[in-house]
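Okay, so here's the structure we're looking at.
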Amino acid sequence: MYLHMHTCSEVRMAYTAHPTAVIDEGCVIGEGTRIWHFSHIMPGCIIGENCNIGQNVVVSPDVVLGRNVKVQNNVSIYTGVICEDDVFLGPSMVFTNVINPRSAVNRRGEYLRTVVRKGASIGANATIVCGHDIGRYAFIGAGAVVTKAVPDHALVMGNPARQTGWMSEFGHKLKFDADGMAACPESGERYELSSGIVRKLP
């Protein structure tokens, strides 16, 4: 094991980071989080407990990651992004934070916010155009380009991304019957589709 133990002075909790990782002063990192090779955690960001930050990841200033967020290799999470608990960010997926970037024009004050809600998964090489929130337990297919908000539990694919179905909390496509009812094949949990909104039944 090549991990070194660090202590985050702001919250006095332990996390682990590879020696090649750069951890700037002024960030908050929760207990149990692991940060791997060549990643850069920048000032002002907040990373929750039990996150996994893969290789070659950049977490920019003021980014917020909830608990148990999994960030795969080669992901840059730019200022303006908020990920709630249990979010999965696939390898080399992309966030943007400016809608009309120009090298010669400073748009630092124009960053748009993007919120990825609890339990959502974003597939490898997907692109999330800034200002479009991703709903709870939504599933963004590999390579998709998201150009509008994604509802809770929605499955979207393609460029531009279009909805092709609904997903359970366990990540299975839901098959709704004529009464708008479906069950997750793994968990057995039941879901209702009504007026274009999916909810899990108690």
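Values for this structure:
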{"read-out": "Antiparallel content of DSSP bridges confined to the range 54-202, in %, to 5", "value": "35"}
{"read-out": "Volume per residue of the C-alpha convex hull in the chain, rounded to whole Å³", "value": "133"}
{"read-out": "Set of aspartates and glutamates with alpha-carbon distance to LYS118 below 13 Å, sequence-local pairs under 8 removed", "value": "GLU84, ASP85, ASP86, ASP133, ASP152, GLU169"}
{"read-out": "Cα→Cβ-extended label distance, 7 Å offset, between PHE176 and THR164, nm", "value": "1.9"}
{"read-out": "Entries of LYS175/LYS200; LYS70/LYS200; LYS148/LYS175 with Cα pairs more than 18 Å apart", "value": "LYS70/LYS200; LYS148/LYS175"}
{"read-out": "Residue with peak Gaussian network fluctuation, the chain [Cα springs, cutoff 10 Å], from PRO43, PRO19, PRO101", "value": "PRO101"}
{"read-out": "Packing-based order for 177-187, 103-113, 70-80, using average beta carbon neighbours within 10 Å, highest first", "value": "70-80, 177-187, 103-113"}
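No value in this document is a laboratory result; all are computed from the given coordinates. What you see is a predicted model; the values in this text were computed from it and never measured. Positions of Cβ are generated from backbone atoms using ideal geometry, with glycine treated the same way; all protein chains shown enter the neighbour counts.
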